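Heads up: the structure comes next, in structure tokens.
The values are calculated or read from the model by the stated rules, or taken from the named source; none is laboratory data. These numbers come from a predicted model, not from an experiment. Here the Cβ is made from the backbone with ideal geometry for all residues, glycine too, and neighbour counts use every protein chain on show.
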Amino acid sequence: MSPATDRDTVERLLRDVPDFPEPGIRFWDLTPVLADAEGLAATTRLLSAPAAAGVDAEVDVVVGIEARGFLLGAAVAQALGLGIVPVRKQGKLPAVAASRSYDLEYGSATLELPADVLAPGARVLLVDDVLATGGTAGAASELVEQCGARVVAFSVVLELPALHGRDRLGERAVHAVLER
Ligand code: AMP
């Protein structure tokens, strides 16, 4: 499938939910995209594109951000023939390499990177579903870099440009499949 056809597929299946999880938040739900075989295949192809075709070409490992980044990241890792490292919410990992707190579009949180799985110097493709304020992706990027690895690109299904998430990512390359 061409990237344009794949994007049409994702757009058709993407669902927005008003006032969730709080009044005034428009929540973008990828569940119907992931539940559909062609939706998952199209999303995986599009998210894999920076590593397969561009940015730096060379990626050693995928890092997926809890929780939808795990689903997407694992699919991308399989497509690229790579492994996946999870960035988890605080308190889930038995051994932690680095920890970072950050602000969300709604609320705040702490993310942690597991110990002993990300090699120093590793070239990382970071994957998540939505780029909103950029707090999550920024914190995850800093965790990766704190461990001596490098974020080659951040690949995301949906960017909300009004929230200026890219500003929190500095010079790091951002590959967004769709914008809303
Ligand atoms: P942020 O740190 O503000 O960029 O938020 C990104 C994270 O929060 C992602 O992991 C998303 O899953 C989630 N998120 C934030 N805003 C939304 C939204 N409007 N719709 C769906 N998910 C969102």
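Going by the conditions given, is L46 modelled with pLDDT of 95 or more, under 15 Å from V174 (Cα atoms) and touching an Asp or Glu at 6+ places or on another chain (Cβ under 7 Å)?
yes
If V144 meets every condition in (1) surrounded by fewer than 21 Cβ atoms within 10 Å (Cβ to Cβ); (2) under 16 Å from R100 (Cα atoms); (3) not acidic (D, E) apart from one, which number is that one?
It is condition (1) that V144 fails.
Consider only pairs whose beta carbons are under 7 Å apart and that are at least six residues apart or on different chains; among these, list those whose first residue lies in region 138-167 and is in contact (Cβ under 8 Å) with a residue 24 or more places away in the chain and of a type in the set (D, E) and whose second residue is within 10 Å of the ligand (Cβ to nearest atom) and in a helix (DSSP H, G or I).
Matching pairs, first to second residue: E159/G165.
Test V17 against the criterion of being part of a strand (DSSP E or B) and among the aliphatic types (A, V, I, L, M), and give yes or no.
yes
State the number of residues belonging to region 90-108 that are surrounded by 14 or more Cβ atoms within 10 Å (Cβ to Cβ) and under 26 Å from A162 (Cα atoms).
The total comes to 4.
Is there a residue being at positive phi and free of Cβ contacts under 8 Å to residues at least 12 places away in the same chain anywhere in region 42-64?
Yes, region 42-64 has at least one match.
Hey, among L111, L118, which residue is of a type outside the set (G, A, S), buried (at least 18 other Cβ atoms within 10 Å of the Cβ) and under 14 Å from the mean Cα position of the chain (by Cα)?
Just one listed residue meets the conditions, L111.
Give just the number: which of (1) under 16 Å from R150 (Cβ atoms); (2) touching a helix residue (DSSP H, G or I) at 6+ places or on another chain (Cβ under 9 Å); (3) aliphatic (A, V, I, L, M) does V76 not satisfy?
For V76, the failing item is (1).
Right, G135: under 20 Å from E22 (Cβ atoms), modelled with pLDDT under 95 and under 15 Å from the mean Cα position of the chain (by Cα) or not?
Taking the combined requirement at face value, the residue satisfies it.
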